[in-house]
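Before any comments, here is the structure.
FYI, it's all coordinate maths here, none of it is from the lab. Just so you know, these numbers come straight off a predicted model, no measurement behind them. Reconstructed Cβ throughout: ideal geometry from the backbone, glycine too, with neighbour counts over all protein chains shown.
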Amino acid sequence: MTVWRTRGHRGDALEDLLLLTNEYYKNHLYALIDKASTPIKVVEIDQGGMITKGFFEKKSTVDFIGIVQGIPVAFDAKETDLKNLPLYNIHEHQVTYMKDFTYQGGLAFIIVHFKFCDEYYLIPFEQIEAYFTASKNKGRRSIPYTAMEPRFRIRREVAGILNYLPVLNEYLTYKKSSL
């Protein structure tokens with residue numbers, strides 16, 4: 001059986017892996033991270049109670065929001081077959097949300113899966129913002145794999161989780177050292 005995915009569902013495998021990881025974190029009291037939902041306005045319901053017509057009330061923010069040992073976090077999950085992460089996969093309203101979230105003292109980032117080499121990285125908001133801003137000034141329109149920092153590489157654990165908490169600590173240390 002072939003499963004067809006639309007452009008909007010390309011990160012589902014990574015999202016599923018992060019849902020598993022976040023459940024593990026919750027069960028072990030390491031963090032409380034939830035999948036952010038997009039508000040939907042229901043317009044029509046059939047006799048059986050099924051929604052037959054509806055629309056998104058507003059744009060989504062990021063995929064996940066939560067708290068890790070007292071630190072608020074907000075992040076998006078992205079996957080790419082390429083040797084770069086095209087910036088068209090990151091929407092302006094998401095960058096704005098991450099910027100506002102960071103301004104309020106939280107950590108905002110993207111977890112990306114480069115499928116060509118099966119590696120996962122945390123991309124700090126500061127790096128996302130720099131590439132996003134440069135692209136608006138006729139700069140590069142993607143974040144290259146070669147720009148990934150080894151200290152932000154996320155490893156898969158034996159338990160099947162994508163253990164991003166150690167890398168999140170690296171990001172926190174990076175942020176504190178840049179102040």
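Here are a few things to note about the model shown:
- Cut-off of 10 Å, at most 14 other beta carbons, DSSP loop: longest stretch of the chain lacking such GluC sites (Glu not before Pro): 58-156
- For the stretch 7-177, the relative contact order comes to 18 percent (Cα pairs under 8 Å, sequence separation of at least 6).
- Compared with the dominant principal axis of the Cα atoms in the chain, helix 165-177 is inclined by about 60°.
- With contributions of -39500 (n - 2.57) from each DSSP H run of at least four residues, the per-residue ellipticity at 222 nm computed over the chain stands at -9500 deg cm²/dmol.
- Counting beta carbons within 10 Å around each of K176, K26, K78 and listing the fewest first gives the order K176, K26, K78.
- 0 to 90° range, to nearest 10: angle between helix 125-136 axis and the chain longest Cα axis: 80
- Filter on K99/K176; K35/K136; K136/K175 - keep pairs with C-alpha separation over 27 Å: K35/K136
- On Cα atoms only, tilt of 92-103 relative to the major axis of the chain in degrees: 60
- Legend: P(r) of the chain from all alpha carbon pair distances, 10 Å bins from 0, whole percents, reading 8, 34, 36, 15, 5, 1.
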